[in-house]
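*Asks:* Provided herewith is a single structure, encoded as structure tokens, for subsequent inquiry.
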Amino acid sequence: MEDYKVKSGSQLICNIIDEKLGLLGYIVIDSTINGQSCGGLRMLPDVSIPELQGLARAMTLKFSFLGMNEGGAKAGIVANPSMPHEEKLALLRTFAEIASPLLKTHAYVPASDMGTNNQEIRYMLKSIGLKVPQNKVGIKEKGEFYVALSVLAGAERAARHINLDLSQSTLAIEGLGKVGSSVAKVFSQKGTRVVAISTIKGAIYNPDGLDVDKLIQLRNEVGEDVVNIYTQAMKIEKSKLLTLNVDILSPCARHHSVNLKNVEKIKAKIICAGANIPVTPEAERVLWRKGKLYLPDFVTNCGGILGSNMENAGLNGQFIENFIIQEIGNKISEIIEVSKKKNVSPVEIAEMEAEKKISRIKSRCKKKTAKSRLFNIALKVYKKNLIPRYLVKLYAPRYFKARLG
């Protein structure tokens, strides 16, 4: 199926099974740096190995884009995350026990994802005796906000490229979860008219604009049923949201929602995602042929990881916000310009650059020079929170900018 093609093979695919408990899970490691990889652990009724392969690859590209010494991975448990909490914790405990050889050696470092949260991941790791610093599991509370900022940074630069006034534009958001809600908020603050949103329960549309503050309030109160409670909009099929006549489309839900079945109907000028791999490779090529500006998702949603790492380094929120908007924006402008010159899609340009960076990172990690040894030691000490905060904060801005390259 075109929905599930992965450009590169995975290093490891591990089945996690306990028939007595009814546990079925997977760990997919796409790449490793110094024998380690990182990526979210999701819990969904229909999670599959092909899906995780694509997501793990996206993590490799994202870490590479950010210049991080991390390999990409993803894991999943096939289950309903809304099950009784004790049953959920039992699944996570057993998952950790079976996967302990990978978890205890940091061959796979899990983070929260769809259907799991930071507290559950922390509990899971502690259940097998791992010590977990507070800031080393998943992304922090503002992680989704930082994702939204990198989505905004991408849309702003793309809008400049096609002479679109963001304050006069329209936006449809697929998936009003934590990321989608943050995307709605930051765009509305820029004057963009949010005209459509969706959840698993359906979608709503109002060409005159939705009340974003009211939507988020209702989302916090009733969850996915926000589409049934909000009255100042018409209900539409979820699939119709993707093909609305809007300026910007922001997929913030599951993978591969844009595919060969619907790509010809996409009307948005800019597709700027908060989700991972929302567009299939085949559909991406169609968007490029049609003149639609689809920005690489591993760039537009990298703000969560970047912002959280900067928080861990002690940098203040305003500095992080400005850094994401400016520096990620600059990188996206470069990608668009090179794409235009070479007549190759932005996704292909970004992937080629990421692949080059992966090679440089691996080469740097393999070198046993005094400088590389010192850097690796410093990185390990930092990860254990043993470097004084003021020293980390002093060097951090230059470090993050240098890593972006």
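Here, each number is a calculation from the coordinates, and none is a lab measurement. Please read these numbers as outputs of a predicted model, since none were measured by experiment. Cβ placement follows ideal geometry from the backbone for every residue including glycine, while neighbour counts extend to all protein chains displayed.
*Asks:* Once label points are set 7 Å from the Cα along Cα→Cβ at both Leu394 and Asn117, what is their separation, rounded to one decimal in nm?
*Replies:* Taking the two extended label points, one gets 3.9 nm.
*Asks:* Using a 10 angstrom cutoff on alpha carbons, build the Gaussian network for the chain and name the most mobile of Gly35, Gly76, Gly180.
*Replies:* Result: Gly35 has the largest fluctuation of those listed.
*Asks:* Kirkwood-based Rg over Rh for the range 143-352 (C-alpha set), two decimals?
*Replies:* On the way: Rg = 16.1 Å, Rh = 16.9 Å.
That ratio is 0.95, to two decimals.
*Asks:* Checking the table Lys214/Lys267; Lys185/Lys357; Lys74/Lys131; Lys178/Lys269; Lys178/Lys261; Lys261/Lys362 against a 29 Å threshold on Cα-Cα, which pairs fail?
*Replies:* Working: Lys214/Lys267 27 Å; Lys185/Lys357 33 Å; Lys74/Lys131 21 Å; Lys178/Lys269 24 Å; Lys178/Lys261 27 Å; Lys261/Lys362 38 Å.
Exceeds cut-off: Lys185/Lys357; Lys261/Lys362.
*Asks:* Relative to the Cα centre, what is the charge dipole magnitude of the chain, using +1 at the beta carbon of each Lys and Arg, -1 at the beta carbon of each Asp and Glu, and rounding to the nearest 20 debye?
*Replies:* Computed about the Cα centre, the dipole is about 1900 debye.
*Asks:* Right, next: Using Cα pairs closer than 8 Å and at least 6 residues apart in sequence, work out the relative contact order for the chain, in percent.
*Replies:* On the way: 754 pairs, mean separation 62.2, N = 405.
Relative contact order of the chain: 15 percent.
*Asks:* A follow-up question, please. Counting just the Cα atoms, what span does the range 161-257 cover along each of its three principal axes? Round to the nearest Å and put the largest first.
*Replies:* Computed over the Cα atoms, the extents are 38, 28, 23 Å.
*Asks:* With unit charges on the beta carbons (Lys and Arg positive, Asp and Glu negative) and the dipole taken about the Cα centre of the chain, which residue among Leu164, Leu210, Val338 sits farthest to the positive side?
*Replies:* Ranked along the dipole, the leading option is Val338.
*Asks:* In addition: For the chain, modelled as a GNM with alpha-carbon contacts under 10 angstrom, which of Thr192, Thr32, Thr105 fluctuates the most?
*Replies:* Thr105
*Asks:* Could you let me know the centre-to-centre spacing of the range 216-258 and the range 24-76, using Cα atoms, in angstrom?
*Replies:* 27 Å
*Asks:* Under a Cβ-only charge scheme (Lys and Arg +1, Asp and Glu -1), can you give me the dipole magnitude of the range 219-357 about the Cα centre, in debye to the nearest 20? Don't skip to the end; give the middle numbers.
*Replies:* On the way: 19 positive and 18 negative charges, 146 e Å.
Roughly 700 debye, rounded to the nearest 20.
*Asks:* I need the Debye-formula profile for the range 11-159: one equal scatterer per C-alpha, no solvent, reported as log10 I(q)/I(0) at q = 0.10, 0.12, 0.18, 0.21 1/Å, two decimals.
*Replies:* Treating every Cα as an identical point scatterer, log10 I(q)/I(0) equals -0.34, -0.49, -1.07, -1.41.
*Asks:* Now for a different question. Among Lys340, Lys238, Lys178, determine the one that fluctuates most according to a GNM of the chain built with springs between C-alpha atoms less than 10 Å apart.
*Replies:* So, out of Lys340, Lys238, Lys178, the one fluctuating most is Lys340.
*Asks:* Nearest 20 debye, what's the magnitude of the dipole of the range 2-136 about its Cα centre given +1 on Lys and Arg Cβ and -1 on Asp and Glu Cβ? Don't skip to the end; give the middle numbers.
*Replies:* Numbers: 14 positive and 13 negative charges, 101 e Å.
Once rounded to the nearest 20, the dipole reads 480 debye.
*Asks:* Under a plain spin-label model, where a point goes 7 Å from the Cα along Cα-to-Cβ, how far apart in nm are Lys240 and Asn163?
*Replies:* For the pair Lys240/Asn163, the computed spacing is 3.3 nm.
*Asks:* Something else about it: How many angstrom lie between the Cα centre of the range 313-335 and the Cα centre of the range 77-121?
*Replies:* First find each Cα centre; the distance between them is then 32 Å.
*Asks:* Now a separate question. State the Kirkwood hydrodynamic radius of the range 302-368 in Å, one decimal place, computed from all pairs of distinct Cα atoms. Walk me through the numbers on the way to the answer.
*Replies:* Details: mean 1/r = 0.0724 Å⁻¹.
Taking every pair of different Cα atoms in the range 302-368, averaging 1/r and inverting gives 13.8 Å.
*Asks:* Tell me the mean residue ellipticity at 222 nm calculated for the chain from its helices only (DSSP H runs of n ≥ 4, each -39500 (n - 2.57), averaged over every residue, nearest 500).
*Replies:* Details: 17 runs with 190 residues, N = 405.
Value at 222 nm, helices only: -14500 deg cm²/dmol.
*Asks:* Taking N as the number of residues in the chain, what is its Cα Rg relative to 2.2 N^0.38 Å? If you can, show how the numbers build up before the last one.
*Replies:* Details: Rg = 20.6 Å, N = 405, 2.2 N^0.38 = 21.5 Å.
Relative to the 2.2 N^0.38 Å estimate, the chain comes out at 0.96.
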